[in-house]
Amino acid sequence: MASTAQPVAHRPSASDIRLVIAASSAGTVFEWYDFFIYGTLAALIGNAFFPADNETLQLLLVWAGFAVGFGFRPLGAILFGFLGDKLGRKYTFLVTVTLMGVATAGVGLVPSAASIGLVAPVIVILLRIAQGLALGGEYGGAAIYVSEHAPPDKRGFYSSFIQASVVGGFVLSIAVVLACRSVIPAEEFVAWGWRVPFLLSIVLLGVSLWMRLKLSESPVFQAMKEAGETAKNPFVESFTYPGNKKRIFVALFGVTAGLTTLWYTAFFSSLSFLKGPMRVDDTTAEIILGVAGLIAMAFYILWGRISDRIGRKKPIVWGNALALVLLFPLFWMIGSFANPGLQEAARNAPVTVTGPDCRYDPFASAQTTRCGKLLEDLTAAGVPYTLSEGGALAVNIGSDPLPLDSWNWNDAAARRGQLEQALTGAGYSFADVTPSLPRILGIVAALLGLGMLSAMNYGTVAALLTEMFPPKIRYSSMSIPYHIGAGYLGGFLPLISSYIVARSGNAYAGLWYTWVIVAIALLVSAWGLAGGPPREFAAKDVDDAPA
């Protein structure tokens, strides 16, 4: 039987550790920048590659393209996890960062749908698939590489820089977009300037490769290779190694499920929420998220360091529990500071829709009923509504009915203009807003609250997952559950939550998806994770958890 003890390996020097952390973190920043730039420029990508008369459908198609990349992350985890456990950590994540950089630059070179038709979105989807495959191998490689260089009492601290680097990639994507907006005129940025952040990934790729080529192989992998203890088939052994099925289950539903949904809610959903329903000016929203994200990076390092003292389980369980209590209040806080006029209008003049056949399909290019068209227009305008069945179609803004019989139902633009005119008369505003400085500070405070919840879950995870799995199959074993959770539960979050909002007319309704997933993660993590101080892998770590 193979030994469960970690192979004996020489400990790197302090300078070696600094280089390992710097190179791995920088590469992770660049790689996640490549992945997140798509989400940061979602509206412009929709115009270029997924044009549709239905604005909600166009946004859903963009998020579907976003989700496709995530959907292929588990396959990348299997492929590159296999290579990482067979060939080594270093060369595997050199391949993944190269694939990511080339695919990202490719998005910036694809002609628009107006030029080449449906071929454009097909190419974009294929490039997103390549990005997903690359990311499926990148995170596990970087996290394991740093963790295997670190002593147990500092593993959480050292590996937390990888976790903070994921936020760093998001912040960098926003910073680059803002820089490009500042030097490229607005009309030209919409026409072609949005491609520049994608093309810059080639420069970032060069820097990342230069730094990572300076690294040597992980000492743990070197020791296993010298002892002839590397796995013959890491993928198969991940599911046959004693106790590993339970570890994978706990890693997926107790660890990754909560951290990934909270992360995307804290950063992506909040950015979409500010730009969309709250109508905050794009540049202002991006600056707010960039500043909050930059500050929040410190939280991940803080909780990584704390976990070296109190163990990995407590921050995750505490973070999940607090998220269930604070998720909705923090978003209500963001909404009240971002656009109080919109909330006041909704209170003073609520929109009610009554009628037959009030079915709204966000994925339809055109609604078939008048009620469906109204719901589409209200959703696109970001106006909440209350829906009820009735004999005849009627819409009230406050107590005032709309003269629907005089509307131009065959002209979508004219119909939306009539609706917006009526809503404007009732106190609604459809102009972009720039919150005052005190309200911006309130938004940042709420975002930092979300960032803290995310950090409690995410800051410890690289060390935790490294310690949960045996070294010989560690790359595969931790990457598979991590990327299934991040790829499907997290990657599909923008699409699913946007769909829930579109169907309900409630800008906050999409948060229920996050709440339910985090509730599941709380139960599984409290049951399945081993408590106590950090330690090297031992087969009993999960097996001995209370059942």
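The values are calculated or read from the model by the stated rules, or taken from the named source; none is laboratory data. Note that this is a predicted model, so its numbers are computed, not measured. Quick reminder, even Gly has a Cβ in these numbers, built from the backbone with ideal geometry, and neighbours come from all protein chains shown.
Things worth noting here:
- In region 168-177, the condition of being among the hydroxyl-bearing types (Ser, Thr, Tyr), at pLDDT 85 or above and in the same structural domain as Val203 (by TED's automatic domain parsing) is met by at least one residue.
- Verdict on Leu448 being surrounded by 24 or more Cβ atoms within 10 Å (Cβ to Cβ) and either assigned to a helix (DSSP H, G or I) or in contact with an Asp or Glu (Cβ under 8 Å, 6 or more places away or on another chain) (or both): no
- Being more than 21 Å from the chain's Cα centre (by Cα) and either of a type in the set (Asp, Glu) or part of a helix (DSSP H, G or I) (or both) is not true of Ala143.
- Some residue of region 235-247 being in the same structural domain as Gly88 (by TED's automatic domain parsing), touching a strand residue (DSSP E or B) at 6+ places or on another chain (Cβ under 8 Å) and at positive phi: no
- Candidate set from region 456-486 (those that are assigned to a helix (DSSP H, G or I) and aromatic (Phe, Trp, Tyr)); member that is modelled with the highest pLDDT: Tyr458
The rows are residues; the columns are (1) outside any helix (DSSP H, G or I); (2) among the hydrophobic types (A, V, I, L, M, F, W, C); (3) not assigned by TED's automatic domain parsing to the domain that holds Tyr499.
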position	(1), (2), (3)
Leu204	no, yes, no
Met224	no, yes, no
Thr230	yes, no, no
Phe253	no, yes, no
Thr265	no, no, no
Phe268	no, yes, no
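- Taken residue by residue, region 430-438 has no member that is in a helix (DSSP H, G or I), among the β-branched types (Val, Ile, Thr) and out of contact with any Lys or Arg (no Cβ under 9 Å at 6 or more places or on another chain).
- Of all the residues in region 492-509, those that are surrounded by fewer than 24 Cβ atoms within 10 Å (Cβ to Cβ) and within 19 Å of the chain's Cα centre (by Cα) number 9.
- Residue among Ala285, Ala292 that is free of Cβ contacts under 8 Å to residues at least 40 places away in the same chain and closer than 29 Å to Ser25 by Cβ: Ala285
- Taking the numbered list (1) in contact (Cβ under 8 Å) with a residue 60 or more places away in the chain; (2) crowded, with 21+ Cβ neighbours inside 10 Å in turn, Ala105 passes all entries but (2).
- Long-range neighbours under 7 Å by Cβ, at least six apart or interchain, first residue among the polar types (S, T, N, Q) within region 372-394, second in a loop (DSSP other than H, G, I, E, B): Thr379/Gly505; Thr386/Pro350
- Contacts under 7 angstrom Cβ, first residue in region 304-318 being of a type in the set (A, V, I, L, M, F, W, C), partner not in a helix (DSSP H, G or I), 6 or more apart: Ile316/Thr460; Ile316/Leu529
- If you go through region 360-399 and pick out every residue that is within 27 Å of Asn339 (Cβ to Cβ) and part of a strand (DSSP E or B), you end up with 7.
- Residues (surrounded by fewer than 17 Cβ atoms within 10 Å (Cβ to Cβ) and of a type in the set (A, V, I, L, M)) located in region 325-345: Val325, Leu326
- Test: residue in region 217-229 that is without any contact (Cβ under 8 Å) to a residue 40 or more places away in the chain and either on the phi > 0 side of the Ramachandran plot or buried (at least 19 other Cβ atoms within 10 Å of the Cβ) (or both): yes
- Residue match in region 47-56 (condition: at pLDDT 75 or above, touching a Phe, Trp or Tyr at 6+ places or on another chain (Cβ under 8 Å) and assigned to a helix (DSSP H, G or I)): yes
- Test: residue in region 350-372 that is surrounded by fewer than 20 Cβ atoms within 10 Å (Cβ to Cβ) and either of a type in the set (Lys, Arg) or not assigned by TED's automatic domain parsing to the domain that holds Ser406 (or both): yes
- From the list Leu489, Leu453, the lone residue that is at pLDDT 90 or above, buried (at least 24 other Cβ atoms within 10 Å of the Cβ) and under 23 Å from Trp318 (Cα atoms) is Leu453.
- Selection status of Thr379, touching a helix residue (DSSP H, G or I) at 6+ places or on another chain (Cβ under 6 Å) and closer than 26 Å to Ser497 by Cα: yes
- Inter-residue pairs, beta-carbon under 9 Å, first over 24 Å from Ala431 (Cβ atoms) and in region 402-420, second aliphatic (A, V, I, L, M) and crowded, with 16+ Cβ neighbours inside 10 Å, 6+ apart: Pro403/Ala422; Leu404/Leu374; Leu404/Leu393; Leu404/Val395
- Hits in region 435-445 - residues which are surrounded by fewer than 17 Cβ atoms within 10 Å (Cβ to Cβ) and under 25 Å from the mean Cα position of the chain (by Cα): Leu441, Ala445
- Looking only at region 273-285, and only at residues there that are part of a helix (DSSP H, G or I) and surrounded by fewer than 24 Cβ atoms within 10 Å (Cβ to Cβ), the one that is modelled with the highest pLDDT: Thr284
- Hits in region 230-263 - residues which are among the hydroxyl-bearing types (Ser, Thr, Tyr) and buried (at least 24 other Cβ atoms within 10 Å of the Cβ): Ser238, Thr256, Thr260, Thr261
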